[in-house]
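Chemist: Quick one: this structure, given as structure tokens, is what I'll be asking you about.
The values are calculated or read from the model by the stated rules, or taken from the named source; none is laboratory data. Source: prediction; values computed, not measured. Cβ atoms come from the backbone with ideal geometry, glycine included; neighbour counts cover every protein chain shown. Just so you know, the surface numbers come from the protein's heavy atoms only, side chains and all, with ligands and any DNA or RNA stripped out. Shrake-Rupley method; radii C 1.70, N 1.55, O 1.52, S 1.80 Å.
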Amino acid sequence: MGQITSLFVRKVVGVVEDALDKDDLLKSLGIDPDSAADPSQMVSDTNYYSFLEKIAIAENNGTTLPLRAGAAMRCDDYGAFGLAWKSATNLGGSYERAERYARVLTSVSTYTVERVDQGAFIHLHRMGDRRLGMRLSNEATIASIVSISRQVSTKPFTPLAVYFKHQAPKRIRKHQAYFGCPMHFDADRDALLVSNESLRTPNQLGDKSISQFFDTHLETELSKLADPHSLEHQVRIYVSRCLSEGVPTISDVAEHFTISGRTLQRRLSELGYSYQTLVDESRRQLAERLLQQTDYSLAEIAFMTGFSEQSAFTRAFKRWAGQTPRSFRLNLQTKPN
């Protein structure tokens, strides 16, 4: 069972229609209405989805609930995560922090930044049954990203496009007004498409040294969350060890842990991961370590991360990091100690 920060619960309760009893809504998830907000207090994902469904059905205008919740989010609400987002030098850096540190807020969602010619897709990955509550949560998450992007950027922010895997609500006029860009439902992804100009736009309070401080703090928080005995952690380690012989199939990994491939996929899904997401993250992390800490050639690193050709490794790394592995290594060498 996955977990989601109670911060999101409080934000949703803060924007529900007045006819609903807000204290009762918080109590229904075990949250004390009189206590201070604590992002580290978690609720189960299934209970959170049921909570969203209950409100959406009870409200007169439930389809706009995720837009209202997203618009209410503030960077400072997210604690150290929000401060790292705000202090990144530009929006591109903010999204990279979401990709790296979202685990401190939820165990059911991950993000990837995919660079494309016109900018980057900010992908939201969430596994499980796409019930109404999950669809509402996905919309609220994407709306939150837009909200805090608008808060920190020095220029007005509008995404190039928004994508959702689920079908469109009956009325999307307010969705279109909120996002201000083309919307694509029944898509192959849950994502924002952000322009290169927006990615490069400086953040209002961007400060490299402050950003590095919060990066260090969040790395510590992640290390506390990383249970060395968890299935997700063990799969990452095993995949990394196998990469020099090629990317292992999910059946190969499942056999190593003496379970079926279907069981492994289900258990990873319950933790908020897909097998392919873990493979990509393992390859990226290994590649970055090798580029940072060794003198291996790019061809050798491509081989050790499971690529049959250097060109395929270069394309993948550029998608992960927004630059070629050669540029990544050169940039590290030119940074002051």
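Chemist: Within the stretch 133-160, track down each residue that is over 18 Å from Tyr95 (Cβ atoms) and not in a helix (DSSP H, G or I).
Modeler: Scanning the stretch 133-160 gives no hits.
Chemist: From Ser153, Ser144, grab the single residue that is within 21 Å of Ala84 (Cα to Cα), surrounded by fewer than 20 Cβ atoms within 10 Å (Cβ to Cβ) and not basic (Lys, Arg).
Modeler: Ser153
Chemist: Please verify whether Gly70 is modelled with pLDDT of 80 or more, of a type outside the set (Ser, Thr, Tyr) and assigned to a helix (DSSP H, G or I), treating the condition exactly as stated.
Modeler: Working: modelled with pLDDT of 80 or more: yes; of a type outside the set (Ser, Thr, Tyr): yes; assigned to a helix (DSSP H, G or I): yes.
So Gly70 passes the test.
Chemist: Run Cys75 past the list (1) touching a residue at least 24 places away in the same chain (Cβ under 8 Å); (2) open to solvent by 20 Å² or more (accessible area, probe 1.4 Å) and report the number of the one that doesn't hold.
Modeler: (2)
Chemist: At least 3 residues that are open to solvent by less than 10 Å² (accessible area, probe 1.4 Å) and closer than 20 Å to Cys75 by Cβ in each: list the helices (runs of 4 or more DSSP H) lying fully within the stretch 1-65 that qualify.
Modeler: 6-15
Chemist: Quick one: in the stretch 252-286, which of the residues that are over 30 Å from Ser44 (Cβ atoms) and not hydrophobic (A, V, I, L, M, F, W, C) is least open to solvent (accessible area, probe 1.4 Å)?
Modeler: Among those that are over 30 Å from Ser44 (Cβ atoms) and not hydrophobic (A, V, I, L, M, F, W, C), it is Arg283.
Chemist: OK, next. Does Gln292 satisfy the condition of being over 24 Å from Val108 (Cα atoms), among the polar types (S, T, N, Q) and either at pLDDT 85 or above or surrounded by fewer than 16 Cβ atoms within 10 Å (Cβ to Cβ) (or both)?
Modeler: For Gln292, the condition - over 24 Å from Val108 (Cα atoms), among the polar types (S, T, N, Q) and either at pLDDT 85 or above or surrounded by fewer than 16 Cβ atoms within 10 Å (Cβ to Cβ) (or both) - is met.
For (1) at pLDDT below 90; (2) under 22 Å from Cys75 (Cβ atoms); (3) open to solvent by less than 10 Å² (accessible area, probe 1.4 Å); (4) not in a strand (DSSP E or B), each residue gets a yes or a no:
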site: Ile122; (1), (2), (3), (4): no, yes, yes, no
site: Val162; (1), (2), (3), (4): no, yes, yes, no
site: Arg171; (1), (2), (3), (4): yes, no, no, yes
site: Cys181; (1), (2), (3), (4): no, yes, no, yes
site: Val194; (1), (2), (3), (4): no, yes, yes, no
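Chemist: Do the conditions hold for Asn60, that is, is it at pLDDT 85 or above and farther than 20 Å from Ala191 by Cα?
Modeler: So Asn60 fails the test.
Chemist: Could you please give the count of residues in the stretch 282-323 that are in contact (Cβ under 8 Å) with a residue 12 or more places away in the chain, assigned to a helix (DSSP H, G or I) and not aliphatic (A, V, I, L, M)?
Modeler: 14
Chemist: Checking Thr263 against (1) part of a helix (DSSP H, G or I); (2) at pLDDT 90 or above; (3) among the β-branched types (Val, Ile, Thr), only one condition comes out false. Which one?
Modeler: It fails just one condition, (2).
Chemist: Inspect the stretch 243-251 for any residue being farther than 24 Å from Tyr95 by Cβ, of a type in the set (A, V, I, L, M) and part of a helix (DSSP H, G or I) and give the result as yes or no.
Modeler: Yes, the stretch 243-251 contains at least one residue that is farther than 24 Å from Tyr95 by Cβ, of a type in the set (A, V, I, L, M) and part of a helix (DSSP H, G or I).
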